[in-house]
Amino acid sequence: MKRLFSVQPHTFTGLHCGIALLIGLLTFGVVQAQNAIPILSVVGHQAYFGGTTNEVQIQISAETPVSGRLGHSLLVNDRSIEVRERELSLKPGEPQVLSLPVTFPDVKPGAIYPAELSISFIATGANQVSTNIRTRIWLFPADAFADQSRLMKELDLGLFDPAEKTAQCFKDAGIQFEIIPRTEALRTTSHQTLVIGEGLNLKEYREFDHLLLELAEQGKTVILFAPVGGEIGLSSVPPNDGTPLPQSMIFKRLDIIRELDKRLDSGEWSPNREILASTLVLQGNHADVEGRIEAGKDPAGWPWVDLHWKNGGRLLICGFAIVDPWDINPSPRYLLLRMLESCREQTNKQGGRE
């Protein structure tokens, strides 16, 4: 039989090469497009005051030169209430940290609103590339202690504040308290919750750590705010005089902030101020353990040390800066509120008022 046509082996070889070349070009184009897409991330806070204009920091980078428009909008209840755009050019390997101005809506006292910030970049030119991210933020009212009169009454706060920083902060916030003027008055006061104001150096007060432990052993709640120096003895063996030991000792770092309220910032509260005023560094061995207070951030230190006694007594040592960043970020004042609420729970358990 006569062949009508014939297929030579090199025909398939050429076809295969053509397909391989096409696939290679397409793959190269996809990789190029992927590399051209800028990378966006939010590096700022998640907690902001409502009714203010603030700045949200982002970082954007690209592996190839690209120009386009960077836009951001604030969404509350899935409704965009603010849209802003700007021209932006990116160079390879040169990440940019940008501050995006955002005007936040008012928040009613006692409420905390969730919102979303949508950020997008759309490149110019024939081969457009774009990227978009959404990040959750929380809007807080400035008055954290509105309608907290019952909390204040149950806590019955007494404040020892030689540095005179915490008292003014409490007054401005509407926190009810009574000043305790001298260390001797701490032993005789009837207040159930005792706050030691920020900035105290325990070295300046003879055996002040013994006094704090003594008050907690008696069943009182003692909060030591951001001390700047001194030592606190933490014995694990009962002394000969029968003084009770703490039933539990809890040591926490930054994670305690999100444990108390996941909506608060636990990274930084302001760009130029450290979130940690001091930490407690443990030293010694076995029964003879001492906590050395170190100002600033110490990797080996603990900013949150919480001691509980069987009779309901409590000594809480908090190394987070509360007073200085008070007006910069809502997290310090709401962390204080959550701390006082936890003290109220402790007081209610002690009095059988759950």
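The values are calculated or read from the model by the stated rules, or taken from the named source; none is laboratory data. Quick caveat: nothing in here was measured; it's all calculated off a predicted structure. Cβ sites come from the backbone with ideal geometry, for glycine too, and all protein chains shown count toward neighbours.
Regarding segment 44-55, can at least one residue be identified that is of a type in the set (A, V, I, L, M) and over 23 Å from the mean Cα position of the chain (by Cα)? Within segment 44-55, not a single residue is of a type in the set (A, V, I, L, M) and over 23 Å from the mean Cα position of the chain (by Cα). Of all the criteria given as (1) of a type in the set (A, V, I, L, M); (2) part of a strand (DSSP E or B); (3) closer than 27 Å to residue 148 by Cα, the one not satisfied by residue 328 is (2). Kindly indicate whether residue 115 is among the hydrophobic types (A, V, I, L, M, F, W, C), under 24 Å from the mean Cα position of the chain (by Cα), in the same structural domain as residue 85 (by TED's automatic domain parsing) and surrounded by fewer than 13 Cβ atoms within 10 Å (Cβ to Cβ). No, not satisfied.
Filter segment 126-177 for residues that are aromatic (Phe, Trp, Tyr) and more than 26 Å from residue 204 (Cα to Cα) and give the result. Passing the criteria: 138, 140, 145. Whenever a residue of segment 272-301 is at pLDDT below 85, its partners that are surrounded by fewer than 16 Cβ atoms within 10 Å (Cβ to Cβ) and basic (Lys, Arg), lying with C-beta atoms within less than 9 angstrom and at least six residues away or across chains, give the pairs 274/297.
Could you please find all residues in segment 75-115 being polar (S, T, N, Q) and on the phi > 0 side of the Ramachandran plot?
Quick first cut of segment 75-115, residues polar (S, T, N, Q) only: 77, 80, 89, 96, 99, 103.
Across segment 75-115, the qualifying residue is only 77.
The condition of being farther than 30 Å from residue 337 by Cα, exposed (fewer than 15 other Cβ atoms within 10 Å of the Cβ) and at pLDDT 90 or above holds for residue 94.
Inside segment 171-212, can you point out the residues that are closer than 25 Å to residue 326 by Cβ and among the β-branched types (Val, Ile, Thr)? Scanning segment 171-212 gives 175, 179, 180, 193, 195, 196.
Surrounded by 15 or more Cβ atoms within 10 Å (Cβ to Cβ), assigned by TED's automatic domain parsing to the domain that holds residue 44 and β-branched (Val, Ile, Thr): is that true of residue 103 in this structure?
Against the criterion (surrounded by 15 or more Cβ atoms within 10 Å (Cβ to Cβ), assigned by TED's automatic domain parsing to the domain that holds residue 44 and β-branched (Val, Ile, Thr)), residue 103 does not qualify.
Is it the case that residue 220 is in the same structural domain as residue 275 (by TED's automatic domain parsing) and more than 27 Å from the chain's Cα centre (by Cα)? When the stated conditions are applied, residue 220 passes them.
With respect to residue 61, determine if the residue is touching a residue at least 60 places away in the same chain (Cβ under 8 Å), among the small types (Gly, Ala, Ser) and surrounded by fewer than 18 Cβ atoms within 10 Å (Cβ to Cβ). So residue 61 fails the test. For residues in segment 64-91 being more than 16 Å from residue 53 (Cα to Cα) and among the acidic types (Asp, Glu), which is farthest from the chain's Cα centre (by Cα)? By that ranking, first place goes to 87. Checking each residue in segment 106-148 for being touching a residue at least 40 places away in the same chain (Cβ under 8 Å), assigned to a loop (DSSP other than H, G, I, E, B) and within 18 Å of residue 331 (Cα to Cα) picks out 106, 107, 112, 141, 142, 144, 145, 148.
If you go through segment 316-340 and keep only what is more than 25 Å from residue 51 (Cα to Cα) and under 13 Å from the mean Cα position of the chain (by Cα), you end up with just 320.
Are any residues in segment 86-104 part of a strand (DSSP E or B) and within 14 Å of residue 56 (Cα to Cα), and if so, which ones?
Of all residues in segment 86-104, those part of a strand (DSSP E or B) come to 86-90, 96-103.
Of everything in segment 86-104, those that are part of a strand (DSSP E or B) and within 14 Å of residue 56 (Cα to Cα) turn out to be 96, 97, 98, 99, 100, 101, 102, 103.
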